[in-house]
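Here the structure comes first, spelled out in structure tokens, and everything after it is commentary.
The values are calculated or read from the model by the stated rules, or taken from the named source; none is laboratory data. Only a predicted model underlies this, so the values are computations on that prediction, with no experimental measurement involved. Neighbour counts run over all protein chains shown; Cβ positions are idealised from the backbone, glycine included. To get the accessible areas, we keep the full protein, side chains included, count just its heavy atoms, and leave off ligands, DNA and RNA. Shrake-Rupley method; radii C 1.70, N 1.55, O 1.52, S 1.80 Å.
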Amino acid sequence: MREERSERSEMSENGDGDEGKDVRWSPDPGGTAPPKCRAAAGSPGGAAVPPPPFSDQVLENVLENVLCFLTSRSDRNAASLVCKSWYRAEAQTRLELFIGNCYAVSPARAIDRFRRVQSLVLKGKPRFADFNLVPMGWGARLSPWLAAMAPAYPWLERICLKRIAVTDEDLSLLACSFHSFRDLSLICCDGFTTIGLAAVAGNCRHLRSLDLIENDVEDDEDEVVDWVSSFPPGKTCLESLIFDFVGCAVNFDALLALVARSPFLRRLRVNEHISSDRLYQLMTRAPQLTHLGTGAFSSSVEVGDFEESLESAFLSSKSLICLSGFRDLAPEYLHTIYPVCTNLTSLNFSYAQITAEQLKPVITRCHNLQTFWVLDSLGDEGLHMVAATCKKLRELRVFPVDATEDSEGFVSDVGLAAISEGCHELRSILYFCQRMTNAAVVAMSKNCQELLVFRLCIMGRHRPDRLTGEPMDEGFGAIVKNCRKLTRLAVSGLLTDRAFAYIGLYGKLVRTLSVAFAGDGDLSLRYVLEGCPKLQKLEIRDCPFGDAGLLSGINHYYNMRFLWMSSCKLSLSGCKDLARQLPRIVVEVIRDSSEDDNSDAVGKLYMYRSLVGPRNDAPPFVKIL
């Protein structure tokens, strides 16, 4: 019973809900025997008693009809843990399946439980793969999942993949297997080319969205396929087309024709090979767009009629609320977007080195902005402008132009303090800088108490408060103390055990914690593991945490989705000890080619829960303990 309950709870974890709850249940309130048998046993002489007016099957049918209205993953996971009948009914009515780790459950097991899935979200590699900390060829292949799903879910309509290895053969199989397929999103995936894109475009006749987000699709020049021309002729169902990270040029005439015959298109993000003198032609054919990625916001033709046409196209785009792109930015064209600024709720300048002077006439028109991504080239002065204008801002991300540790950086505590004073509705912030103070972080904790996400990345190692020279303990302590709804936190800078004690004491809702270049020793890790009951994802790099800190979480790892530690002070013997004590946890040691195989030091540790045990496709540089 205990093992089965635990397995059901872990399967629910892949739906990203109330993971790890130890919910006690029995098949029914009266015991394990069917109602008829229990009634017969309790009657005189064992005579049969008529069954109740409603059978279990009828009740399950009613329950299924009710659960159809339950859309939240966490609510569905909780419902599946009530009892066996709820468990079965929830599985029968679940149409959307979320699997946060492709190795946490096997394709066969997921398919056996969920028989009617129409939509799948599947995640693969750890997040630190985005920082080149996971070697190429680590795993997370789509192939085994696709081979199992193709015959089991022929009605599948939507697939979203993140950090998954996808081949052209995978995309071809996908395009031919699901006849009602509508939506494909590939995020931070690798391994495919324009050949696979052509297969999807040509065979998925009901395609509604093709979103290629942060996938570096780079073909050799002699192997590039004209995938845009592969879309079938005639009117399309396209609502979203995103290919801003496809590195090769596309057939512009074919793209122009595709946009023209896609009356439902709402989202279009093009790559850097589409310049502004071509962008306006696309916009003219799709005035209904709500989201636009501009590609290269520059042109090789002379300014004149083209510039007026671009401004006219923006003027006609009455529905536009989200604007991104701006690669290879030509500042002299920025005035063309003025007509849409008032309606914008999202603006992304994270690929444009825009200065405060260039930003000013744009941002002062964006009074309804809720999401703003930008490079730190705007400086503290630019952030003051944002704070003065964007009173409805809910998400801010400030990325570095130069992400090296010894870079100067253009923003500091001054800009952060300005944002906290002007943007009280802020819910999420990611802020890269080199200079920070406790006072600025404390001010944000008091002015923006509704924060859900606070990620402060001080890029230099062990940087203290720039004014006092003190550790940044009190700043981060104030964040977890005053922002009681906080679910995601990233800490950096000079931090002692005191900061982690604060996190353990006040961070009761924190689900994701990222730590870099911080902490005094193992006690810091122990404070977090013992104090944060909701913790699901723990990412640690370059911290002085060793075996004692790792083993202090023995009683907590079953409630977490994963733990990543790199460049810490772990030993192979300590990791083996952990693996022995937690048999249902997969412990992977990842070695770089430069590491000594005979060394006891562990460079990278990735640990996660799995219902099916260790995977069978680990490469030679991965050792599963």
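Relative contact order for the chain: 6 percent, from Cα pairs under 8 Å spaced at least 6 residues apart, divided by residue count. Put a plus charge on the Cβ of each Lys and Arg, a minus charge on the Cβ of each Asp and Glu, and nothing anywhere else: the dipole of the chain about its Cα centre is then about 3160 debye.
For the chain, what does the helix formula give at 222 nm: sum of -39500 (n - 2.57) over DSSP H segments with n ≥ 4, over the residue count, nearest 500 deg cm²/dmol?
Values: 22 runs with 206 residues, N = 625.
It comes out at -9500 deg cm²/dmol, rounded to the nearest 500.
Model label sites at Ala147 and Glu308, defined 7 Å from Cα along the beta-carbon direction, differ in position by 6.2 nm.
Sorting Lys576, Lys569, Lys391 on solvent-accessible area from highest to lowest, probe radius 1.4 Å, gives Lys569, Lys391, Lys576.
For the residue pairs Lys360/Lys392; Lys392/Lys534; Lys569/Lys623; Lys84/Lys123, the C-alpha atoms sit more than 26 angstrom apart in Lys392/Lys534; Lys84/Lys123.
Net charge near Glu381, counting Lys/Arg +1 and Asp/Glu -1 over other residues with Cβ under 10 Å of its Cβ?
Values: positive: Lys360; negative: Glu357, Asp380.
Local charge sum for Glu381: -1.
Give Lys391/Lys485; Lys485/Lys604; Lys125/Lys508; Lys162/Lys391 a once-over and call out the pairs whose C-alpha atoms are over 23 Å from each other. Too far apart for the 23 Å limit: Lys485/Lys604; Lys125/Lys508; Lys162/Lys391. For Lys360, the accessible area of its heavy atoms, probed at 1.4 Å with every protein chain present, is near 110 square angstrom.
Report, to the nearest whole %, how much of the accessible area of segment 81-126 belongs to carbon and sulfur atoms, 1.4 Å probe, protein only. Don't skip to the end; give the middle numbers.
Working: 840 of 1640 Å².
Carbon and sulfur atoms account for 51 percent of the accessible area of segment 81-126.
Across segment 327-482, C-alpha contacts under 8 Å between residues 6 or more apart give a mean separation that, scaled by the residue count, equals a relative contact order of 18 percent.
At 0.36 nm per residue, and after removing the present C-alpha to C-alpha distance, how many nm does the segment from Arg88 to Ile624 gain when stretched out fully? Walk me through the numbers on the way to the answer.
Details: separation 536, 0.36 × 536 = 192.96 nm, distance 3.37 nm.
Contour length minus the Cα-Cα distance gives 189.6 nm.
The alpha-carbon atoms of segment 486-625 define a convex hull whose volume equals 101 cubic angstrom per residue.
Taking the Cβ-Cβ separation of Arg484 and His424 as r and a Förster radius of 22 Å, what is the calculated FRET efficiency to the nearest 0.05?
Details: r = 16 Å, r/R0 = 0.72.
Here the calculated transfer efficiency is 0.90.
The figure for Trp155 is an accessible area of roughly 100 square angstrom, using a 1.4 Å probe on the protein chains alone.
Spacing of the modelled spin labels on Thr364 and Glu408, each 7 Å from Cα toward Cβ, amounts to 2.6 nm. The HN-Hα couplings worked out from phi for segment 142-159 by the Karplus form 6.51 cos²θ - 1.76 cosθ + 1.60 (θ = phi - 60°) are 6, 3, x, 5, 5, 4, 7, 6, 4, x, 7, 10, x, 8, 3, 10, 9, 9 Hz, whole numbers, x standing for Gly and Pro.
Over all projection directions, the Cα-based convex hull of segment 327-395 averages an area of 4.0 nm².
Computed over protein heavy atoms with a 1.4 angstrom probe, the accessible surface ordering of Tyr103, Tyr431, Tyr338, largest first, is Tyr338, Tyr103, Tyr431.
Around Gln118, what is the net charge, scoring Lys/Arg as +1 and Asp/Glu as -1 over all other residues with Cβ under 12 Å from its Cβ?
Combined, the nearby Lys, Arg, Asp and Glu give +2.
Taking 7 Å steps out from each Cα toward its Cβ at Asn61 and Leu467 produces label points 7.1 nm apart. From the coordinates of this entry, Kirkwood radius over Cα pairs in Å is computed, and it appears in (1) 29.5; (2) 26.9; (3) 30.9 under the label (2). In this structure the chain gives 42 Å² per residue of accessible area when probed at 1.4 Å with all protein chains present. Using a 1.4 angstrom probe on heavy atoms only, work out the carbon and sulfur share of the accessible area of segment 192-254 in %. Answer for segment 192-254: carbon and sulfur cover 43 percent of the accessible area.
Run through segment 313-410 and list the GluC sites (Glu not before Pro) located in a DSSP loop whose Cβ has at most 16 other Cβ atoms within 10 Å.
Glu405, Glu408
In the assembled protein chains, Ser316 presents an accessible area of approximately 60 Å² (probe radius 1.4 Å).
Full extension of the chain between Met136 and Ser230 yields a length gain of 30.8 nm, computed as 0.36 nm times the residue separation minus the alpha carbon distance.
If the segment from Gln288 to Asp328 were pulled out straight at 0.36 nm per residue, it would be longer than the present Cα-Cα gap by 11.8 nm.
Taking Cβ atoms as reference points and 11 Å as the exclusive limit, the residues near Cys433 contribute a net charge of -1, counting Lys and Arg as +1 and Asp and Glu as -1. DSSP finds beta bridges in the chain, and of those with both partners inside it, around 20 percent are antiparallel.
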